[in-house]
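Enquirer: One structure is given below, represented as structure tokens, and several questions about it will come after.
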Amino acid sequence: MSLPEFQLASPRTLPEAIAFLREHAGGGARTTRVLAGGTDLLPSMRQKLFEPEYVLDIRRVPEIKGIRETEQGIEIGALTTLAEIEFSSTLRKNYPVLTEAAKTVASPVLRNMGTIGGNICLDTRCLWYNQSLAWRKSCGFCIKKDGDLCHVAPGGTKCWAAFSADTPAALLCLDAEIEIVSGAGTRRISLQDFYTGLGDNYRKLQPDELVTRVILPVASAGYRGAYRKLRIRGSIDYPLAGVAVVMKKSNGHVEDLRIGITAVNPAPLLVKGVASHLNGELTEAIADTLGELAARTAKPLTTSALTPEYRREMIRVFTRRTVLALANQ
């Protein structure tokens, strides 16, 4: 499958990149696409999921690379690779759930190219969408691309393509924020508010805006954390169910616990109501309850080769096991 024709722009500074977006972003099917690592964009372009008139290659913009400590916490440039995050001693010490999630993404080769910004902005997908043009044409296309039917939920008017990135579940547990820049200025929002929950319009990012930074608050530093992922192969594959858990303990008592899930909804989600089940001690009964709570939050449909029932059950199992493992560390 060959790439469609496009014009390539390679700015050297952030203002140059923003100016190009402002001029060429548009808003239709031929809008500009941003190339960071390219590990998702280029395969999608080969499948003719995206056929942009312009591709904006931001890999040479130094302002949005690297990991930096500040008084408020940690700032991670959007172009920081997943491999850099995986091997960062600072993140491993203070925000271990993020390094745990990053090291499960794809394979070492892809983590050397893929970026944290790209993982946050990863396109939603399903069994009918993430295919070649010929395959999709034979199925009559879908709501998300060129059609008006959702094969995941036939008869419905909503796209149920699943969000399948790993790091956002961990970032949600850490109360992460993101910085978004456009010609109109800079805004900073909670990562939780970045996602819409709609498969075909899954993020609150305008065509002329660019995600430039991830901010981890100092208040989230020091939490124990782990990430568990269900996939068919031991590498390469996207998650079919993912669970991130962070826990704060003091004098043997659990002060705080947060659970994030991914790949089982059109957006990554924090599990609500966790705090009401904590009473200092974390017993197997409480872990069971938290597992059930996470499973009820998950709404997997037939977006992959594995059944929705199995994926929901694995959310429950992963949550229970991870909560108990962190409690017993």
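Enquirer: Is it fair to say Ile215 is free of Cβ contacts under 8 Å to residues at least 40 places away in the same chain and surrounded by fewer than 22 Cβ atoms within 10 Å (Cβ to Cβ)?
Expert: no
Enquirer: Being assigned to a loop (DSSP other than H, G, I, E, B) and in contact with a Ser or Thr (Cβ under 6 Å, 6 or more places away or on another chain) is the filter here; which residues of the range 160-174 pass it? Outline the logic, then answer.
Expert: Initial filter on the range 160-174 (assigned to a loop (DSSP other than H, G, I, E, B)): 160-161, 163-166, 174.
Correct list: Ala161, Phe163, Asp166, Leu174.
Enquirer: Return the residues of the range 100-159 that are among the small types (Gly, Ala, Ser), outside any loop (DSSP other than H, G, I, E, B) and over 24 Å from Gln192 (Cβ atoms); say none if nothing qualifies.
Expert: Correct list: Ala134, Ser138.
Enquirer: Something else now. Does at least one position in the range 40-63 carry a residue that is closer than 22 Å to Asn265 by Cβ, part of a loop (DSSP other than H, G, I, E, B) and open to solvent by 20 Å² or more (accessible area, probe 1.4 Å)?
Expert: Within the range 40-63 (the criterion being closer than 22 Å to Asn265 by Cβ, part of a loop (DSSP other than H, G, I, E, B) and open to solvent by 20 Å² or more (accessible area, probe 1.4 Å)), the answer is yes, since at least one residue qualifies.
Enquirer: Which of the numbered conditions does Leu35 fail, given that it passes all the others? Conditions: (1) under 22 Å from the mean Cα position of the chain (by Cα); (2) open to solvent by 50 Å² or more (accessible area, probe 1.4 Å).
Expert: Every condition holds for Leu35 apart from (2).
Enquirer: Can you tell me which residues in the range 5-29 are free of Cβ contacts under 8 Å to residues at least 60 places away in the same chain, surrounded by fewer than 14 Cβ atoms within 10 Å (Cβ to Cβ) and under 22 Å from Asn201 (Cβ atoms)?
Expert: Result: Gly28, Ala29.
Enquirer: I would also like to ask the following. Counting only residues that are surrounded by 24 or more Cβ atoms within 10 Å (Cβ to Cβ) and out of contact with any Gly (no Cβ under 7 Å at 6 or more places or on another chain), which one in the range 241-270 is nearest to Gly199 (Cα to Cα)? Working first, answer last.
Expert: In the first step, residues of the range 241-270 are kept if they are surrounded by 24 or more Cβ atoms within 10 Å (Cβ to Cβ); the result is 241-247, 257, 259-264, 266, 268.
Okay, now just the ones that are also out of contact with any Gly (no Cβ under 7 Å at 6 or more places or on another chain), so 241-243, 247, 257, 259-260, 264.
Numbers: Ala241: 16, Gly242: 18, Val243: 20, Met247: 30, Leu257: 28, Ile259: 22, Gly260: 18, Val264: 12 Å.
Among them, the one singled out is Val264.
Enquirer: Can you list the strands (runs of 3 or more DSSP E) found entirely within the range 198-272 that contain at least 2 residues being small (Gly, Ala, Ser)?
Expert: 224-230, 241-250
Enquirer: Considering only the range 175-197, state which residues are among the aliphatic types (A, V, I, L, M), crowded, with 17+ Cβ neighbours inside 10 Å and in a loop (DSSP other than H, G, I, E, B).
Expert: Ala176
Enquirer: Within the bounds of the range 47-58, is there any residue that is in contact with a Ser or Thr (Cβ under 7 Å, 6 or more places away or on another chain), at pLDDT 95 or above and within 20 Å of Tyr223 (Cβ to Cβ)?
Expert: Within the range 47-58, not a single residue is in contact with a Ser or Thr (Cβ under 7 Å, 6 or more places away or on another chain), at pLDDT 95 or above and within 20 Å of Tyr223 (Cβ to Cβ).
Enquirer: Run down Thr303, Thr307, Thr322, Thr283 and say which single residue is over 26 Å from Ala176 (Cα atoms) and crowded, with 19+ Cβ neighbours inside 10 Å.
Expert: Of Thr303, Thr307, Thr322, Thr283, the one residue that is over 26 Å from Ala176 (Cα atoms) and crowded, with 19+ Cβ neighbours inside 10 Å is Thr303.
The values are calculated or read from the model by the stated rules, or taken from the named source; none is laboratory data. Here the structure is a predicted model, which means the values were calculated and not measured. In this analysis, Cβ positions are derived from the backbone assuming ideal geometry, glycine residues included, and neighbour counts consider all displayed protein chains. All accessible areas refer to the heavy atoms of the entire protein, side chains included, with ligands and DNA or RNA removed. Shrake-Rupley method; radii C 1.70, N 1.55, O 1.52, S 1.80 Å.
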